[in-house]
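The values are calculated or read from the model by the stated rules, or taken from the named source; none is laboratory data. In this text, all values refer to a predicted model and were calculated from it rather than measured experimentally. Methodologically, a virtual Cβ is constructed for each residue, glycine included, from the backbone with ideal geometry; neighbour enumeration extends over all protein chains shown. Just so you know, the surface numbers come from the protein's heavy atoms only, side chains and all, with ligands and any DNA or RNA stripped out. Shrake-Rupley method; radii C 1.70, N 1.55, O 1.52, S 1.80 Å.
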Amino acid sequence: MASVITETVPQQSRRQPLPPVVRGLIWATIGFLVVNVLMSYVLDPLAGHPFITNSSVVLGWFAAVVGWLLGVGAWEEIVLPSFGILDRSVVTGTGWRQYFAMSLNHKVVGIQYLVASTGGFFIAGLAAMLMRLELMSPTMWLFPYPGQYLTTVGIHGTIMMFSVGTVALVGGLGNYLIPQMIGSNRSAFPKVSSISVWLVPVGILTVAFSPLLGQWTTGWRGYEPLAQNDANGILFYYLGVFALTMSSFLVSLNLTATILFKRTKGMTWNRIPMFAWGMLVVSLLNIIWLPEIQMTFVLGLLDRLVPLPFFTAVGSNLTYLELFWLFGHPEVYIVVLPALALWMEIMPVMVRKPLFAREWGVIGVIFVMLLSGFVWAHHMFTNMTYAEELPFSFFTEMISIPTGLAYMVVIGTIWKSNFKLTVPSLLILMSMFNFLIGGMTGVFNADPVVDLQLHDTFWVVGHFHFTIIGGMVFTWIAAMYYWLPKFSGRTYNPKLGVLGAIWIFIGFDGAFSLMFLVGMEGMNRWVPVYPSYLQPLNIAISIFAFILGAGFLFNLLHIWWAMKSGPKVEANPWKSKSLEWMTESNPLAENFPVEPVVISGTYDYDVDGVAAIIPNPAG
Amino acid sequence: MEVVHSNQVVRPAAHVEQELETRKVFGAFVLFLFGMSVPYFLMINVRFIMAAGFVPSSADQTTGAIQAVLTLISALTAWAAIRAIRGGNTSAYRVNLGLTLVLGWVSTLMMAWEWWYHPFDAMSHYGETFLTTVGLVAVMNLSGLLTLWASRARAKRLGSDQTLVRGYRLAGMYWIFLAVAALVMYIELYFA
Amino acid sequence: MDLILFGVAWVILSLLGEWGVSAWGPHFYYFTASTQALDGLNASIFLFRFLTPIFFFVVLMLIFVPLRFKHREATVKAQGRRARTNRPFVAIWITVSILVNVLFFLHPTTSAAEQQFDSLLPQNLHGALIVDVTARQWEWHFGYPQYGVTAAKDPNGNDVLYLPVGRTVEFVLRSYDFNHPYALGLDVIHSFWIPAFGEKEDVIPGETRYEVIDPTVITSTEQNPMVRVQCAEVCGPGHPYMYAAVHIVSDQAFLKWVAAEHKAGN
Ligand code: HEM
Ligand SMILES: [Cu+2]
Ligand SMILES: [Cu+2]
């Protein structure tokens, strides 16, 4: 196993003429041009007229993605070896250069994912700011046309869901932390994650540049049959989502296999960290539902290209809604389950008490996963018959029971503990508060007679932002502060951290709790223009939203600063027993030169001593 | 950056590592197939929503049947290839894989023919599900053919080291999965 | 000791919360003009009643714990089984959450569904006013087949909806473009929503759907903008503009309006 170490150390076997990213861009351009020309000049009966057609841009896009992936390193790392040509390996470079190439180091990949996700977050956040700016007035004033506003809504929702919600905690923290947490030096299939991460920028940019092809007004759900009536921007929606979901699918395969098969000695099933449990259930959801939505979107795409009548007005448009929400509801649990798992992961460390009723926490996430496949049609109360409502209402109400177990576990853990109010624990408390509001408002949505009023109003916008920002984004930020010393060996400034937390809390709760009111008062979704009696509330919401946007930026800058020049700290500043804190705080280093052996639970803060030992190499 | 030299490291015996590695690879492969089967299920689902069990009388049963038989044989040759490589016989593996590739290409090209010459309205609900289902099978087949090709080239260049055999077997098994899926889709499109 | 302190604070907060529900709950829907909206409002208040103590239990925990158990360095260290689980607490938690959810499913969910089923029974629709609602990109179009009004318009030519107060209305919802009846493939889903009626139903190409409403108040869009027809499902760039004025009037005023529509040739 000498190769173990050489794999993570940069190889210098051959000079490569171009940096990988540059080569990827060149190959992508070539791929696009070749296929596009082929399609529009050679195969199209109306040759070359115009240069870019629906089919040429779609196939050209696929060629560009293939070119990009090969150029970034898949050619040497994956294609050639799988044909048995082993002597040509990529030069991944040293130091920062590793971040701009395919990397077999799971920590580098994790950071690549986190950076890409953060990029998506701020691009989509900018879109949100533009929307809020427009909504300060009841008339069109910022965007010349309503279609542009609606396109912005779609770009915002799509990038947020598929490049942040599903990616930051799974591709990002999952890749970075899971192997370390279970005592492994690498993920199960390092090459899989090393390539999948390069699909994220592709997906984000594809969606962000969708207006190049025209407006699309459907929002992130690509609703049919509207999608078939829209201009062609919707093509880049399908393609961008395809790239992003492909990325998450690959990561999920890798993480599941890592958790199942790469655990070190003593990391038994009842010692698996909660975050790993979260990753496991989320990955299973991804493995089922991402292919499902991809296939559905392929049908939508063919509806436009061929065109086929699947989901058009003369086809079956409700079929699309069913297929979308079959994926769509598990999707929101894909977003939030890792966050619930992180609460249970971080809180015991903060309060120096063992995790309370651990088995119920595990049962909770597993049952949420199972039930999440039975609730989809609660998004469709307004278009089903009354008789169909009851089963979906039932499962939707019941899913709050396993979700509530996460609260039970955390509350049991912090009760009579030695509570340390730090930036991460403060942010988790805030996250629990916000997700509680998200969940409680969901009870109203679960009840059809009430939902018929709430559906498609700003109440719902408030509800799902409370679950997603409140649940997932706050926890993501908590996790960034918590593992900052791990990422960089440095820590944040506590005062600035608390300021950042309170800042986003005020901005967030201000903006989104007012959305409940404006929704109840009669404001529907997807409108840049609304009756003027709703303006005062909208102005207030927008002001809070700008505060929130600035707050996110502040936290980003603070974390960035702390990583580069924050105060240095010891390797395990939180005195955590978890395995990831036994490793060196340098992302480029090997995790465990010697495989650790777990000897007790990683949450056993009631006893002194460590949870894992590194066996003495000599003995 | 410190690098500990691996000769100091206590590792489990090599065969235990190999055992673990095999479990990992096959476990992940099962998960992968699980995910890959979802699009097929979705198409079955869509077909019954859109067109129930309807099969047009104009459907070209001969083409469908020939293609199904070829697919079936290709699964058998893939299976023979797996047997051969488990016995360490690289050349038999390559021969059988070569057969699989030929059969696979022929049946996939027949799908292109089915596409081109569909004896029913493409805009009908049966027609659209037929064309997309066949398209799905064809695209997935292409991925399988690429895998087989790579595997065959690898076997030629690298021989049959124990650690490599796993990969050779996987390629064959992936093709068998695709063949079974194609057969199910055949039954669904031509008989259901 | 901690438990008692917590319990007292919880009870006080919950009582304050319930008082808040009583005071503010009836305004949750802002404005209601139909029995259906009142049903939804009452269901909501019921939910608020039960959610309030649960909400304050969790919120109080999130505030109480960090304040109360801060820096208990070494004084107490929970140990052994007691630190890891607490059977009665777990049992109570799970029982309560199951009970509350079953309760919510029985009431208001199922009980309200019963009412919805009932509302569509033929005997309950006897004498109902039938309004044909047709949605197209981007216009609401209203017809009154019982009164021979095919396209209800106000004097400016805008679509308008008049309803007599106290009479059951059955909306018949369809989506197609009556100006381009040959372009069947171009329709999209819309959603028929009058905020003050507390209910919306999607209008779907190729389907005929129904919504039954009992208006209870004489009012109009001019008096309260929550009394307006608003498309609630995104249907393209014109979606925000897809609204129409509503007037709920007395029986006589309704008949007078019908006569005026006839005279205008609508
Ligand atoms: C920076 C703070 C944010 C603000 C101010 C904001 C604001 C908004 C607004 C105004 C809408 C339009 C609602 C409508 O008209 O239907 C919206 C939609 C949406 N937002 Fe956000 N949002 C923010 C962050 C996020 C985040 C972090 C996520 C998820 C990770 C997210 C996911 C969505 C989704 C999925 C939609 C629905 C889009 C659609 O209707 O297709 N948002 N947001
Ligand atoms: Cu509409
Ligand atoms: Cu609309």
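Worth a mention:
- Listed residue (A:F392, A:G462, A:N229) projecting farthest to the positive dipole end of chain A, Cβ model: A:G462
- Average other protein chain Cβ within 10 Å of Cβ, residues C:41-51: 3
- Inter-chain shielding of A:383-389 (mean C-beta neighbours from other protein chains, 10 Å cut-off): 5
- Distance (nanometres) between label positions extended 7 Å along Cα→Cβ at B:Q162 and A:W560: 5.2
- Over the range A:17-91, Cα pairs under 8 Å with separation of 6+ residues give a relative contact order of 38 percent.
- Listed residue (A:P402, A:I559, B:A75) projecting farthest to the positive dipole end of the protein assembly as shown, Cβ model: A:I559
- Its Kirkwood hydrodynamic radius, worked out from the mean inverse distance over all distinct Cα pairs, puts chain B at 18.5 Å.
- Farthest toward the positive end of the dipole of chain C, out of C:T216, C:F28, C:I204, is the Cα of C:F28, where the dipole comes from beta carbon charges about the Cα centre.
- Approximate spin-label separation C:I98-C:E222, in nm, with each point projected 7 Å along Cα-to-Cβ: 5.9
- Charge sum, other residues only, whose C-beta stays under 13 Å from A:E397's C-beta, Lys/Arg counted +1 and Asp/Glu -1: -3
- Dipole magnitude (debye, nearest 20) for the range B:13-101, charges at Cβ of Lys, Arg, Asp, Glu: 80
- Sorting A:V569, C:V169 on solvent-accessible area from highest to lowest, probe radius 1.4 Å, gives A:V569, C:V169.
- Area accessible to solvent at A:T467, 1.4 Å probe radius, in Å²: 30
- Three-way shape call for the protein assembly as shown based on the alpha-carbon gyration tensor, with the a/c threshold at 1.5: oblate
- Note on A:W27: accessible area approximately 80 square angstrom, rounded to 10, probe 1.4 Å, nucleic acids and ligands left out.
- Spin-label model, A:L499/A:I30: points 7 Å from Cα along the beta carbon direction are separated by 5.1 nm.
- Using a probe of 1.4 Å, the accessible surface attributed to A:T382 totals some 0 Å² when neighbouring protein chains are kept in position.
- Packing around the peptides C:193-201, A:315-323, taken as the average count of other Cβ atoms within 10 Å per residue, puts them in this order, highest first: C:193-201, A:315-323.
- Base-10 log of normalised Debye intensity for the range C:145-266 (one unit scatterer per alpha-carbon) at q = 0.11, 0.13, 0.14 Å⁻¹: -0.39, -0.55, -0.65
- The base-10 log of I(q)/I(0) for the range A:234-366, evaluated at q = 0.15, 0.19 Å⁻¹, reads -0.79, -1.05 [Debye formula, identical scatterers on Cα atoms, solvent excluded].
- Per-residue [θ]222 nm for chain B (sum of -39500 (n - 2.57) over DSSP H runs n ≥ 4, rounded to 500): -29000 deg cm²/dmol
- For the range C:120-250, size of Cβ-based charge dipole, Lys and Arg +1, Asp and Glu -1, in debye: 180
- For A:352-360, mean number of other protein chain Cβ atoms within 10 Å: 5
- Accessible surface ranking for A:F275, C:F31, 1.4 angstrom probe, highest first: C:F31, A:F275.
- Neighbourhood charge, 13 Å Cβ-Cβ cut-off, centred on C:I213 and excluding it, Lys, Arg +1 and Asp, Glu -1: -4
- In the frame of its principal axes, the range A:104-579 has Cα extents of 60, 45, 44 Å, reported largest first.
- Order of exposure, largest accessible area first, which applies to A:F458, B:F34 with probe 1.4 Å: B:F34, A:F458
- Gaussian network model of chain C, Cα within-10 Å springs - most flexible of C:P164, C:P215, C:P145: C:P145
- Estimated dipole of the protein assembly as shown in Debye, rounded to 20 [Cβ of Lys and Arg +1, of Asp and Glu -1, Cα centre]: 4640
- Pairs over the 19 Å Cα-Cα cut-off, from the set A:K486/B:K24; A:K420/A:K577; A:K486/A:K577; A:K265/A:K353; A:K495/A:K568: A:K486/B:K24; A:K265/A:K353.
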